[in-house]
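Asks: Here you go, one structure.
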Amino acid sequence: MKKTLLLFTILFIAFKASAQFETSKQIYESPKLKEAIAKHKLVAILPFTAKISYKKPPKGFDAEGNRQQEIKLGTSVQSSMYTFLLRKADNYSVSFQDVDKTNTLLKKYKVLDSLDIHTKDEIAKILGVDAVIYGTFEQQSTKTEAGAIVSAALFGGFGGKTGEGAITLQISDGADGELIWRYTKRMNESLGVSTDDVVERQMRKLSRNFPYSK
């Protein structure tokens with residue numbers, strides 16, 4: 001009986017550790033949201049602005065290497081979001097531009113590395129879309145690599161909380177570049193959680209509030 005109770009307790013803790021403990025979401029909707037999205041047919045997803053930080057930087061920390069990882073993370077979130085939306089295309093009132101085409105056009109017009117100095121209507125015009133989805137993804141490690149490995153061993157691969165983060169998802173109208181919708185949520189991460197997992201979890205949570213949901 002004691003062994004069964006102990007096993008149940010361990011499994012319960014592991015389950016709780018594998019989930020993301022998240023603060024309540026914050027959503028902004030522009031007064032012109034419904035009017036704007038009614039005109040949208042094709043929407044592009046831009047590479048996200050990612051930030052990777054550490055409460056205690058690892059030995060041999062390389063700032064330039066970290067910057068390159070942030071760029072990779074930003075495009076990974078972009079790709080994960082596109083994959084999720086594409087899988088559930090029938091649930092949405094618009095089509096989403098293939099991210100490979102999006103990034104190719106951004107490179108062609110030499111704006112991929114300078115998105116922050118261009119207005120969203122300028123970017124939408126370059127991409128030939130009616131609106132753009134973009135955002136930020138922040139990740140802060142709160143454990144050393146050794147600590148994360150110990151957590152993974154204790155929780156049978158779940159890993160427990162190993163970091164904190166935040167995701168912000170925004171939509172701007174391609175006609176005038178105005179922000180029409182924004183979703184923000186803070187979250188805690190577990191070891192081994194991929195961007196696909198994070199994006200899917202967040203998209204499932206906001207599905208009822210996502211402007212393009214039918």
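Asks: Identify the residue in region 53-89 that is hydrophobic (A, V, I, L, M, F, W, C) and surrounded by fewer than 11 Cβ atoms within 10 Å (Cβ to Cβ) and, among all such residues, is modelled with the lowest pLDDT.
Replies: F61
Asks: In region 46-78, how many are over 30 Å from F96 (Cα atoms) and acidic (D, E)?
Replies: Adding up the residues that qualify gives 2.
Asks: While we're here: Please determine whether any residue of region 13-27 is of a type outside the set (S, T, N, Q), in contact with a strand residue (DSSP E or B) (Cβ under 8 Å, 6 or more places away or on another chain) and modelled with pLDDT of 90 or more.
Replies: Within region 13-27 (the criterion being of a type outside the set (S, T, N, Q), in contact with a strand residue (DSSP E or B) (Cβ under 8 Å, 6 or more places away or on another chain) and modelled with pLDDT of 90 or more), the answer is yes, since at least one residue qualifies.
Asks: Does region 169-176 contain any residue that is at pLDDT 65 or above and open to solvent by 50 Å² or more (accessible area, probe 1.4 Å)?
Replies: Taking region 169-176 and keeping what is at pLDDT 65 or above, we get 169-176.
Filter once more, keeping what is open to solvent by 50 Å² or more (accessible area, probe 1.4 Å): 175-176.
Checked region 169-176: at least one residue is at pLDDT 65 or above and open to solvent by 50 Å² or more (accessible area, probe 1.4 Å).
Asks: Something else: Within region 101-110, is even one residue under 26 Å from K214 (Cβ atoms), open to solvent by less than 70 Å² (accessible area, probe 1.4 Å) and among the charged types (D, E, K, R)?
Replies: no
Asks: Identify all residues within region 31-78 that are among the small types (G, A, S), farther than 24 Å from D121 by Cβ and assigned to a helix (DSSP H, G or I); write none if there are none.
Replies: Of everything in region 31-78, those that are among the small types (G, A, S), farther than 24 Å from D121 by Cβ and assigned to a helix (DSSP H, G or I) turn out to be A63, G65, S76.
Asks: Let me ask something additional. Inside region 29-48, can you point out the residues that are open to solvent by 90 Å² or more (accessible area, probe 1.4 Å) and of a type outside the set (D, E, K, R)? Even if it seems obvious, please write down each step before you answer.
Replies: Taking region 29-48 as the starting set, the residues that turn out to be open to solvent by 90 Å² or more (accessible area, probe 1.4 Å) are 29, 31, 34-35, 39, 41.
Matches in region 29-48: P31 only.
The values are calculated or read from the model by the stated rules, or taken from the named source; none is laboratory data. Worth saying up front: this structure is predicted, and the values here are computed from it rather than measured. Backbone-built Cβ (ideal geometry, glycine too); neighbour counts: all protein chains shown. Note: accessible area is taken over every heavy atom of the protein model, side chains too, but ligands, DNA and RNA are not part of it. Shrake-Rupley method; radii C 1.70, N 1.55, O 1.52, S 1.80 Å.
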